[in-house]
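One structure is given here, and the rest of the page talks about it.
Readers should treat all values here as calculations from the given coordinates under stated rules, not as data from a laboratory. These numbers were taken from a predicted model, which means no experiment stands behind them. Neighbour counts run over all protein chains shown; Cβ positions are idealised from the backbone, glycine included.
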Amino acid sequence: MKKTEANFKEILRQHKSTIYSVCYMFSQDHDEVEDLFQETLINLWNGLDKFEQRSAIGTWVWRIALNTCITSDRKKKRRVDTVPLSLDRDFLDSDSAENRQTKLLHQRISRLQPFDRAIVLLWLENMSYDDIAAIVGITTKAVGVRLVRIREQLKQMNDNDTKQ
């Protein structure tokens, strides 16, 4: 695909919420989500000339966003711990039962390995196993197997949370 500002703006217009969703799955810290979002945009811009259109543009955007977040997550684990700043903002401000459930689910998913988090995020976006496989680079059958294992991990987390 030709690297033009118009092409890039159109990709961003169509896939902004997808990119943000991926970034939010890897962090609840607003500033870190913004950093991941910006890093993803840089990677999309830098890779636009190399996009050969062998897959849908949406699949390519998902893959770039996931790879950016996974790479950042790996780098973060190598950094020295710092004291977190308190944020006055929360993505889910309401204290409704639905928002509590969403926060709890997000907390549990964030405890998964980055690759498994990516698969869950794609599954939660109602993507087909074929699409998930294309984005993360594994077979469709492997997606199914991983999802079964991930569900078991999440159930174990649920059991451990209720016992405490």
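Under 1.5 on a/c is rounded, so check that first for the stretch 92-155, then, if it is not, pick prolate when a/b is larger than b/c and oblate when it is not; a ≥ b ≥ c are the square roots of the alpha carbon gyration tensor eigenvalues.
Working: a/c = 2.67, a/b = 2.00, b/c = 1.33.
Prolate, since a/c reaches 1.5 and a/b exceeds b/c.
Each peptide among 22-28, 141-147 gets the average number of other Cβ atoms lying within 10 Å of its residues, and from highest to lowest they stand as 22-28, 141-147.
Only one residue of THR71, ALA56, ASN43 has its Cα farthest out toward the positive end of the dipole of the stretch 1-86, where Lys and Arg carry +1 and Asp and Glu -1 on Cβ, and that residue is ALA56. Under the rule a/c < 1.5 gives rounded, and otherwise a/b versus b/c splits prolate from oblate, where does the stretch 1-54 land using the Cα gyration tensor? Verdict is prolate for the stretch 1-54. Averaged over residues, the count of other Cβ atoms within 10 Å places the peptides 109-122, 47-60 in the sequence 109-122, 47-60, highest first.
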